[in-house]
């Protein structure tokens with residue numbers, strides 16, 4: 001089974017981040033800087049150097065942070081990069097700098113200068129700041145409302161249960177047919193959701209068929225699956241965030257609920273698309289019916305409606321407790 005904590009999508013590392021930073025124009029760098037109060041008034045050279053130091057700190061120093069689902073700076077950056085890319089890349093207005101690079105580097109700069117210029121946040125605080133980047137960008141979407149399914153009998157799967165069921169299916173005989181149906185169900189929702197989504201799926205299938213950009217196309221498909229599952233469980237995202245906010249437990253704990261949800265979403269997307277990666281001959285039989293507007297030929301798992309998500313009292317896995325970082329202590 002694929003390890004969802006590996007850096008599948010980008011292989012994002014220090015070198016790539018520094019190269020990205022070096023490619024920023026001064027106006028782009030100014031946009032990163034303007035979002036961080038303690039960085040205002042600093043020269044472009046000072047801001048670039050602060051960002052380089054912050055990138056190195058996340059990868060070289062924040063290597064083992066106790067508590068929570070994300071144990072290192074590297075994992076936090078990878079998770080946020082993936083979540084932002086997967087969520088926004090399907091939009092016709094997608095811009096790599098605006099939608100992914102800008103918020104991630106704002107997170108780096110904030111973590112490096114939380115208390116004053118050059119005074120960084122503590123380890124758990126820095127990771128929470130990076131996770132909060134994804135929270136802020138995801139909550140830009142409209143809050144979920146009723147989805148019209150309130151009359152459906154109770155018993156839909158929450159995000160954790162869906163992940164468990166998909167993992168179980170993957171280990172059973174005949175898993176390809178059932179995973180194909182689950183993926184088709186999400187891709188149909190994705191295609192029907194936005195203008196141009198069908199063409200994007202068609203282009204992705206063409207890339208897979210040609211073979212020259214196969215890995216890129218697989219990641220494109222993961223993005224579509226992620227988007228569809230995110231839409232299914234948008235109610236859970238807002239509920240986890242709001243519930244933890246009401247507890248007044250601090251930004252580090254609020255971020256825990258968000259990162260738990262993002263980890264689950266990326267794992268589900270992995271499972272939905274992973275069987276195609278391992279069985280490329282199944283690609284036409286999986287994607288062509290979707291492009292023709294046809295749904296799965298076998299029953300699919302029923303997920304929670306928005307109403308059921310709002311009524312679900314399940315807390316995030318590894319919910320805040322004694323093992324969760326309690327933020328930064330200022331001596």
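If you check residue 84 against the conditions, is it out of contact with any strand residue (DSSP E or B) (no Cβ under 9 Å at 6 or more places or on another chain), part of a helix (DSSP H, G or I) and modelled with pLDDT under 85?
It is true that residue 84 is out of contact with any strand residue (DSSP E or B) (no Cβ under 9 Å at 6 or more places or on another chain), part of a helix (DSSP H, G or I) and modelled with pLDDT under 85.
Considering only residues that are within 17 Å of residue 94 (Cβ to Cβ) and either modelled with pLDDT of 90 or more or out of contact with any helix residue (DSSP H, G or I) (no Cβ under 6 Å at 6 or more places or on another chain) (or both), which ones fall in segment 173-200?
Listed by number, the residues that qualify are 193, 194, 195, 196, 199, 200.
Does at least one position in segment 47-70 carry a residue that is part of a helix (DSSP H, G or I) and modelled with pLDDT under 90?
No, that holds for no residue.
Please indicate, with yes or no, whether at least one residue in segment 22-38 is over 30 Å from residue 169 (Cβ atoms), surrounded by fewer than 21 Cβ atoms within 10 Å (Cβ to Cβ) and at pLDDT below 90.
Yes, segment 22-38 has at least one match.
For the subset of segment 155-167 comprising residues that are out of contact with any helix residue (DSSP H, G or I) (no Cβ under 8 Å at 6 or more places or on another chain) and within 14 Å of residue 270 (Cα to Cα), which member is surrounded by the most Cβ atoms within 10 Å (Cβ to Cβ)?
The qualifying residue surrounded by the most Cβ atoms within 10 Å (Cβ to Cβ) is 165.
Inspect segment 107-123 for any residue being outside any loop (DSSP other than H, G, I, E, B), modelled with pLDDT under 80 and surrounded by fewer than 19 Cβ atoms within 10 Å (Cβ to Cβ) and give the result as yes or no.
no
Hey, among the residues in segment 99-114 that are touching a residue at least 24 places away in the same chain (Cβ under 8 Å) and farther than 18 Å from residue 56 by Cβ, which one's farthest from the chain's Cα centre (by Cα)?
In this case the residue turns out to be 102.
Looking at (1) assigned to a helix (DSSP H, G or I); (2) within 15 Å of residue 126 (Cα to Cα), which is the only condition residue 27 fails?
Against the list (1) assigned to a helix (DSSP H, G or I); (2) within 15 Å of residue 126 (Cα to Cα), residue 27 comes up short only on (2).
Check segment 208-221 and report whether any residue there is part of a helix (DSSP H, G or I) and farther than 24 Å from residue 81 by Cα.
Yes, the conditions are met somewhere in segment 208-221.
The values are calculated or read from the model by the stated rules, or taken from the named source; none is laboratory data. Not measured: the values here are computed from a predicted model. For neighbour counting, all protein chains shown are included, and Cβ atoms are generated from backbone atoms with ideal geometry for every residue, glycine included.
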